[in-house]
Every structure is written in C-alpha cells, then in structure tokens.
Amino acid sequence: MYEQIAHSLLNAILDDLKPEIRRQDLRHFYTRLGANFFAIHSLFSTLYGHRDDFAPQMLKLVETMAKGYIDRSPESERLDMSRETDHNWFLSQQWMGMALYTNGFAEDLADLSNKVEYFRELGINMVHVMPILECPVGKSDGGYAVSSFRRIDPRVGSLEDFQALSEQFRANGILLVLDIVLNHTSDEHIWALMAKQGDLCHQDYYYTFPDRRIPDLFEQSMPEIFPETDPGNFTWNEEMQRWVMTVFHDYQWDLNYSNPAVFIDMLDIVLFWANQGVDVLRLDAVAFLWKKIGSSSQNEHKAHLILQLLKDCCQVTAPGVLFIAEAIVAPVEVAKYFGEDAIVAKECEIAYNATLMALLWDGIATKSTRLLSEGIKSLPTKLDRATWLNYVRCHDDIGFGFNDSDIRAAGYDPYAHRQFLVDYFCGLYDDTARGLAFMRNEATGDARICGSLASLVGLESALERQDEQLIHQAIDRIVLLHGVIFSFGGIPLIYNGDALGVLNDYSFRDDPDKQEDNRWVHRPKINWQQAEQRNQPGTVEFEIFTAMQRMISIRKQTSAFADFNNRELLPVANDHVLCFQRADLQQGANSVLVLANFDASPQQVELNELCRTGSSLAINPPLHSYCTFIDLYTGEAPTQFDGSIVLKGYQFYWLRQQG
C-alpha cells in the first residue's frame with residue numbers, strides 16, 4: 001500500500017473517533033500515530049485484512065491506543081519524552097536487575113515497598129515482580145494461569161498497593177518489570193467462562209473444535225511441553241462439548257491471535273499496565289503466539305508480526321515502555337524476537353539469554369569452557385538498540401537446549417552429554433549439586449533441572465558436611481558465575497535470594513498445590529532474620545552479599561560494560577578459562593579483559609597468546625606481552641608468572657591495562 005493511501009485511511013479513522021476521544025489534547029499522540037501508522041496499518045492488514053470486519057476492528061485499534069494515551073499520567077508522559085530523546089538509555093551499564101516473587105521475597109506488595117532499602121544497599125535498580133495477577137488457587141502455574149488481567153491476586157495486595165509500589169520505585173530510580181501472559185488465560189477467565197456457556201464470540205477467542213480431526217492434525221507436529229503431567233496439546237471440555245488447545249497445562253487455554261478482537265483486547269491490557277507505572281513488560285511465552293498445522297506452532301513468522309504490531313502500537317501510546325521477550329528457544333530463533341531484518345529492535349528490546357545461562361552451568365559441571373566458548377561464538381549478533389537479559393538462575397527450570405553442532409564441536413556426543421548434565425546436577429556423580437530432574441521425557445531422554453543457585457553449585461552439600469574448603473569453593477562458583485554475567489554485555493538479572501546464598505526449599509513436597517511441580521524447590525520464602533547475616537563478617541551470607549555488592553558497584557562505574565556490541569571472545573589454549581574483551585566505545589583507553597577460571601585448580605593464560613589473538617574491536621591501547629594490569633574487582637594487580645596471568649580456582653579477573 002502507498003503511504004498516501006494509508007494517510008487517507010488514517011484521516012478517515014480520526015474522523016470516526018468517538019467524540020470523547022476527539023475532545024482530548026492528543027498532540028503527541030497524533031504525532032506518533034502519524035509516524036507509525038503506515039507500519040501499523042500494514043501489519044494489521046497482513047494479519048486481518050481478509051476479514052469482513054477489518055475496517056471496524058482497525059477503528060477500534062486506534063481508539064484503544066488513543067484511550068491508553070489519554071489515561072497516561074503526566075509523569076509517565078514526561079518519562080516517555082525523556083526516553084525518546086535518550087533512546088539508548090537501557091543499554092547503559094548502570095542497570096542491575098532482580099527477579100522475585102512478591103510473597104516469597106516479602107509478605108505482600110505493601111511489604112515489598114519496605115524492601116527498597118535492600119535493593120539500594122545491593123545496587124538493584126530494576127525489579128521484576130513475578131506474576132501477581134489473579135489466578136485460581138491450585139491451578140495457577142506459579143501465576144501464569146491468569147483469571148483476570150486487571151485484578152491483583154488478593155493474597156499479595158490490591159491495585160492501590162501496586163500503584164503505591166510503582167510510585168516508590170520511581171522515587172528511588174528503580175524500574176518496575178511486570179509479566180503479561182500473552183499466550184493463554186486460565187480456564188476460569190471471563191472469556192473462557194463465556195465460551196463454556198456457548199458464547200460463539202468468545203469461543204473464537206480460543207482454539208476450540210467439536211471433534212478430534214483438526215486437533216489430531218496439529219498434534220502430528222507439535223511437541224509436548226509438560227509430557228509428565230499434561231501430555232498432548234488439547235483438552236476435552238465437558239461444558240462446552242469441544243476440544244480446546246492447551247499447550248501448557250489443561251487449565252491454560254491458548255488464545256487465538258487470528259482473531260483481531262483478541263489482539264486488541266490484549267493490547268488494551270498491555271497499555272493498562274503501562275499506565276500503572278510499569279517501565280518494562282515481560283511478555284510471556286511469545287514463541288507460541290501463532291498456531292499453524294504442520295509446524296511445531298513455535299516461532300512462527302506471524303508470531304513476530306503480532307509482536308511488531310504490539311510494539312508499534314505501544315510506541316504510539318507509551319513509547320517509554322520496553323518489552324522483554326520470554327522466548328526460551330534456540331539461539332538462532334531467540335535473536336529474531338528483537339526483530340528480523342532490522343537495525344533497531346522492532347519487536348522486543350530485551351530478550352532472555354537462556355543459552356548463556358545453560359552454557360555457564362555446563363562450565364560448572366565439566367570444569368571446561370569448550371562448549372561455553374563454542375556456544376558464545378554461535379550466539380547471533382543482536383541489533384544495535386536491543387540487549388540481552390543475562391542470568392544464572394530464574395524461577396523456571398534449566399534446560400540444556402544447546403545446538404547439537406556446538407556440542408559436537410566441543411568434543412561431546414549431544415545425547416550422552418545432556419544425560420551427563422542432568423545426572424551431574426541431580427548429584428549422581430560426586431553429590432556436589434543438589435538439583436531435581438524436571439519433566440523427564442522417557443521417550444526422548446530429555447529432562448530439565450530445578451534447584452537454587454546455591455544448592456546447584458554445592459553450597460547445600462558443603463554445609464551439610466561442614467567442610468570449610470567446599471563451602472568456600474561453592475561461594476567462589478557463585479561469584480564466578482556473576483562475574484561473567486555482570487561483564488558480558490546486557491542487563492544482569494539476579495534471582496530472588498541468590499545474593500544471600502538461599503538453599504533449596506523442600507517444603508513444597510508437603511503442599512498439595514505444589515508437590516507435583518519441582519520448580520517450587522527454588523521458589524523459597526526469604527527468611528529475613530537469616531538475611532541479616534549479610535552484615536555479619538565470616539558468614540556465608542556476608543561473603544556472597546558483599547562480593548555481589550562490590551561487583552555491582554564496579555560494573556556501574558565501568559563504561560566498557562555498557563552494551564553496544566562491544567564484546568569479543570578471545571580464544572585461549574587453556575580449556576578451563578573463558579576469555580573475552582569489552583571495548584570502551586565511549587572512552588577508548590578503558591577497555592576491560594575478562595578472564596574466568598571454571599576449574600577448581602589454578603590455571604594460567606599466556607600473555608603472548610592473548611597478544612597474538614588480538615581483537616577486531618577498537619581496543620586502546622592494544623594488548624602487549626609487557627602489559628601491566630589492574631583487576632577492577634580486587635583493586636590489585638593480577639598474579640603473573642613466567643609470562644602468564646595466573647588464576648586461582650574459580651577466580652575471575654576484570655583487567656584494565658595500566659600505563
């Protein structure tokens with residue numbers, strides 16, 4: 001379509017807007033709508049242009065954006081304008097994230113406000129509040145089976161509590177991150193309830209079928225997400241007398257985005273939360289948004305069009321709000337959620353770096369960086385105005401979804417190596433790790449791992465043995481892993497109690513609503529009396545917390561750690577050591593060399609080897625064999641011997657050249 005035609009259609013739509021909308025001051029809205037309308041109309045037409053109701057749905061789309069703009073607060077509008085001006089604001093090394101469950105980290109939303117001082121103490125300025133929307137008790141999937149997208153679960157508070165938290169976060173410079181579950185609803189959501197009552201309009205909000213003919217065609221190519229508890233992708237609903245698509249759990253009904261009413265309603269929900277003071281929206285299960293017979297119904301092209309349309313619409317109404325893509329898929333696929341064939345992100349500005357997370361755990365298990373290095377080399381280049389969310393643990397399980405080609409290049413058999421990793425983290429080798437296998441698929445041999453960071457690195461078993469050497473090794477592993485993610489490039493995300501060394505919580509086995517889901521083992525309630533040990537020298541909590549605190553402070557002062565595609569992996573002969581360089585594109589002389597030893601024994605890297613490797617980045621000054629360094633973390637010169645840099649077991653360096 002020519003842009004002139006799109007502009008003509010826009011004028012007609014604006015003439016048809018409801019009078020209560022036209023009377024508002026919409027100056028900035030009209031400017032942004034005009035700039036984005038051609039893309040919005042093109043995407044909406046591609047997805048829904050074949051429908052008879054296209055024109056009224058297009059009008060409703062614009063009205064939804066306009067209503068969202070009208071409801072935007074002056075403070076949110078000020079932030080929109082500021083972030084439009086400084087459009088790379090989120091690429092700064094200043095950001096430091098934490099993910100938490102409200103009633104695990106605190107008692108409720110009101111009590112979470114009391115934890116702001118803890119965030120400030122540690123250096124956290126971005127907090128992901130895990131799902132807090134209303135869900136049925138016992139059928140919540142940890143908060144991801146939403147029965148109301150606009151009501152807070154009363155067990156954690158009210159909308160007023162959330163608004164108060166948002167205001168307090170903004171007053172303290174903390175970004176607020178919230179989940180929006182785009183792919184599905186609870187079967188107790190009003191849309192599902194109306195569908196069960198026979199409402200054809202709301203049956204079309206989901207994928208429902210009177211018999212198995214279409215579901216069986218889908219099943220031929222769709223994998224099972226939870227084969228142990230919820231095999232298959234469809235559930236028979238007795239009330240409706242229809243099969244309904246339930247990719248995750250049988251109580252989570254997949255939304256039908258081939259219906260424009262679904263997209264518009266979900267856009268309205270996104271804008272509603274943007275107007276409650278949310279800075280970043282984590283879009284859950286985005287890889288599943290479009291379903292297609294004959295495919296896995298994951299990573300479909302039209303799923304990307306849905307996200308592009310959602311981003312363009314949000315750019316008009318709330319341009320200061322960022323999107324995180326929760327797409328735990330192959331590396332080549334995950335980068336597409338920034339936006340294909342683009343220079344800047346046109347879908348989601350942030351994506352989870354699940355590949356790096358899994359690779360780091362491989363390094364812990366093998367004490368080798370062979371697969372870690374191969375995997376990093378295979379990470380696709382991100383867009384200029386996009387960034388990774390780098391993490392070691394999160395609320396979910398750990399899946400070892402590496403590329404088979406990378407596993408082979410590292411010298412392993414893919415099937416056997418994944419089996420080794422599962423067995424290792426289940427403690428079947430030396431009882432160091434205390435993980436639990438999750439969703440083991442006997443047909444494929446696939447399984448994932450659950451467990452807290454501290455328990456997986458061996459702190460739980462070391463404390464049981466009261467072995468001081470093993471305790472310090474476990475602490476060193478925790479610090480090592482964060483030394484990598486804090487310097488890798490992107491926004492680091494600490495999970496829940498990881499800065500306090502919180503162990504597995506096995507009490508979930510006594511809760512009927514949780515005992516079938518091993519993931520609750522790493523979703524503990526923080527003991528704040530125990531957490532006070534972080535202020536007591538000589539305690540485990542003190543050692544971990546102060547190390548994290550120092551790393552975060554140094555990261556924020558190190559401009560080379562900003563994320564401007566300024567990282568280069570440097571190959572070294574020592575397989576136990578990961579090495580990469582971070583160029584400082586703002587201050588060329590402040591580049592940083594990162595070395596990380598994944599082995600328990602001391603290791604060395606020859607300086608001549610690093611000099612021969614060189615770097616294609618703008619490193620100033622270049623590396624030389626006579627270089628002298630300072631380690632930013634310790635403030636001391638690194639240990640050097642016989643022309644090599646020496647690292648103790650599980651040690652990392654952030655090295656800057658001196659002179």
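Just so you know, in region 39-53 the residues that are free of Cβ contacts under 8 Å to residues at least 60 places away in the same chain and surrounded by fewer than 19 Cβ atoms within 10 Å (Cβ to Cβ) include one that is farthest from Asp25 (Cα to Cα), and it is His50. Of all residues assigned to region 45-53, none qualifies as being part of a helix (DSSP H, G or I), small (Gly, Ala, Ser) and modelled with pLDDT under 95. Could you count how many residues in region 180-190 are closer than 17 Å to Pro136 by Cα and buried (at least 22 other Cβ atoms within 10 Å of the Cβ)? Summing the residues that are closer than 17 Å to Pro136 by Cα and buried (at least 22 other Cβ atoms within 10 Å of the Cβ) in region 180-190 gives 7.
Rundown of residues vs (1) under 30 Å from Leu122 (Cα atoms); (2) more than 22 Å from the chain's Cα centre (by Cα); (3) surrounded by fewer than 15 Cβ atoms within 10 Å (Cβ to Cβ), yes/no style:
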residue	(1), (2), (3)
Ala164	yes, yes, no
Arg170	yes, no, no
Leu193	no, yes, no
Leu200	no, yes, yes
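In the set (1) free of Cβ contacts under 8 Å to residues at least 40 places away in the same chain; (2) out of contact with any Pro (no Cβ under 6 Å at 6 or more places or on another chain); (3) surrounded by fewer than 19 Cβ atoms within 10 Å (Cβ to Cβ); (4) not hydroxyl-bearing (Ser, Thr, Tyr), Gly401 fails one condition alone, (1).
Against the condition crowded, with 21+ Cβ neighbours inside 10 Å and charged (D, E, K, R), how does Asp111 come out, does it pass? No, not satisfied. Within region 553-588, the set of residues being assigned to a helix (DSSP H, G or I), of a type in the set (A, V, I, L, M, F, W, C) and more than 22 Å from Asp384 (Cα to Cα) comprises just one member, Ile554. All of Tyr424, Tyr337 fail the test of being assigned to a helix (DSSP H, G or I), open to solvent by less than 10 Å² (accessible area, probe 1.4 Å) and not hydrophobic (A, V, I, L, M, F, W, C), apart from Tyr337. Close contacts from region 189-207, counting a first residue that is over 15 Å from Trp236 (Cα atoms) and a second that is assigned to a loop (DSSP other than H, G, I, E, B), with Cβ to Cβ under 7 Å and a gap of 6+ residues or different chains, come to His189/Val146; His189/Ser147; Trp191/Tyr205; Asp204/Asn256; Asp204/Asn259; Tyr205/Asn256; Tyr205/Asn259. Of the residues Gly97, Gly68, the single one that is out of contact with any helix residue (DSSP H, G or I) (no Cβ under 7 Å at 6 or more places or on another chain), modelled with pLDDT of 95 or more and surrounded by 21 or more Cβ atoms within 10 Å (Cβ to Cβ) is Gly97. Evaluating Gly294 against the criteria (1) touching a residue at least 60 places away in the same chain (Cβ under 8 Å); (2) on the phi < 0 side of the Ramachandran plot; (3) open to solvent by 10 Å² or more (accessible area, probe 1.4 Å) leaves one unmet condition, (2). Candidates in region 381-398 are the residues that are more than 15 Å from the chain's Cα centre (by Cα) and open to solvent by 30 Å² or more (accessible area, probe 1.4 Å); of these, the one that is nearest to Leu421 (Cα to Cα) is Thr381. Here Lys514 meets each of (1) open to solvent by 60 Å² or more (accessible area, probe 1.4 Å); (2) modelled with pLDDT of 95 or more with one exception, condition (2). When Gly320 is tested against (1) assigned to a helix (DSSP H, G or I); (2) over 23 Å from Asn403 (Cα atoms), exactly one condition is not met: (1).
For region 209-226, the set of residues classified as out of contact with any Phe, Trp or Tyr (no Cβ under 6 Å at 6 or more places or on another chain) and open to solvent by 30 Å² or more (accessible area, probe 1.4 Å) consists of Pro210, Asp211, Arg212, Arg213, Ile214, Asp216, Leu217, Glu219, Gln220, Ser221, Pro223, Glu224, listed by residue number.
The C-beta contact set for region 412-434 (first residue under 17 Å from Gly399 (Cβ atoms), second residue loosely packed, with under 13 Cβ neighbours inside 10 Å, distance under 7 angstrom, 6+ apart or interchain) comprises Tyr415/Gly445; Gln419/Gly445; Asp423/Tyr429. For Gly538, the conditions (1) at negative phi; (2) surrounded by fewer than 20 Cβ atoms within 10 Å (Cβ to Cβ); (3) of a type in the set (Gly, Ala, Ser) are fulfilled apart from (1). Hey, does region 294-316 have a residue that's part of a helix (DSSP H, G or I), at pLDDT below 95, small (Gly, Ala, Ser) and in contact with a Leu (Cβ under 9 Å, 6 or more places away or on another chain)? No: region 294-316 contains no residue that is part of a helix (DSSP H, G or I), at pLDDT below 95, small (Gly, Ala, Ser) and in contact with a Leu (Cβ under 9 Å, 6 or more places away or on another chain).
Of all the residues in region 10-38, those that are touching a residue at least 24 places away in the same chain (Cβ under 8 Å), within 14 Å of Val62 (Cβ to Cβ) and open to solvent by less than 70 Å² (accessible area, probe 1.4 Å) number 13. Taking region 461-488 as the range and being among the charged types (D, E, K, R) and either outside any helix (DSSP H, G or I) or free of Cβ contacts under 8 Å to residues at least 12 places away in the same chain (or both) as the test, the residues that pass are Glu464, Arg465, Asp467, Glu468.
Here region 476-511 is the region considered, the condition is being under 27 Å from Trp388 (Cβ atoms) and of a type in the set (Asp, Glu), and the residue that is surrounded by the most Cβ atoms within 10 Å (Cβ to Cβ) is Asp498.
Mind counting the residues in region 648-659 that are in a strand (DSSP E or B) and farther than 16 Å from Ala547 by Cβ? Within region 648-659, residues that are in a strand (DSSP E or B) and farther than 16 Å from Ala547 by Cβ number 4. Within region 362-381, does at least one residue satisfy the condition of being under 21 Å from Gly97 (Cα atoms) and hydrophobic (A, V, I, L, M, F, W, C)? There is no residue in region 362-381 that is under 21 Å from Gly97 (Cα atoms) and hydrophobic (A, V, I, L, M, F, W, C).
Of the residues in region 550-564, at least one is in contact (Cβ under 8 Å) with a residue 24 or more places away in the chain, open to solvent by 50 Å² or more (accessible area, probe 1.4 Å) and within 23 Å of the chain's Cα centre (by Cα). Of the residues making up region 378-391, one or more are in a helix (DSSP H, G or I) and under 27 Å from Asn88 (Cα atoms).
Return a yes/no flag: does region 489-502 have any residue that is closer than 24 Å to Gln581 by Cβ, part of a loop (DSSP other than H, G, I, E, B) and modelled with pLDDT of 95 or more. Yes, because at least one residue in region 489-502 is closer than 24 Å to Gln581 by Cβ, part of a loop (DSSP other than H, G, I, E, B) and modelled with pLDDT of 95 or more. Listed by first and then second residue, the pairs linking a residue in region 219-235 that is under 12 Å from Asp446 (Cβ atoms) and β-branched (Val, Ile, Thr) to a residue that is at pLDDT 90 or above and in a loop (DSSP other than H, G, I, E, B), with Cβ atoms under 9 Å apart and 6 or more places separating them unless they lie on different chains, are Ile225/Asn233; Ile225/Val247; Ile225/Phe248; Ile225/His249.
The values are calculated or read from the model by the stated rules, or taken from the named source; none is laboratory data. Computed from a prediction, not measured in an experiment: that's the story for all the values here. When we count neighbours, we look across all protein chains shown, and the Cβ atoms used for this are built from the backbone with ideal geometry, even at glycine. Note: accessible area is taken over every heavy atom of the protein model, side chains too, but ligands, DNA and RNA are not part of it. Shrake-Rupley method; radii C 1.70, N 1.55, O 1.52, S 1.80 Å.
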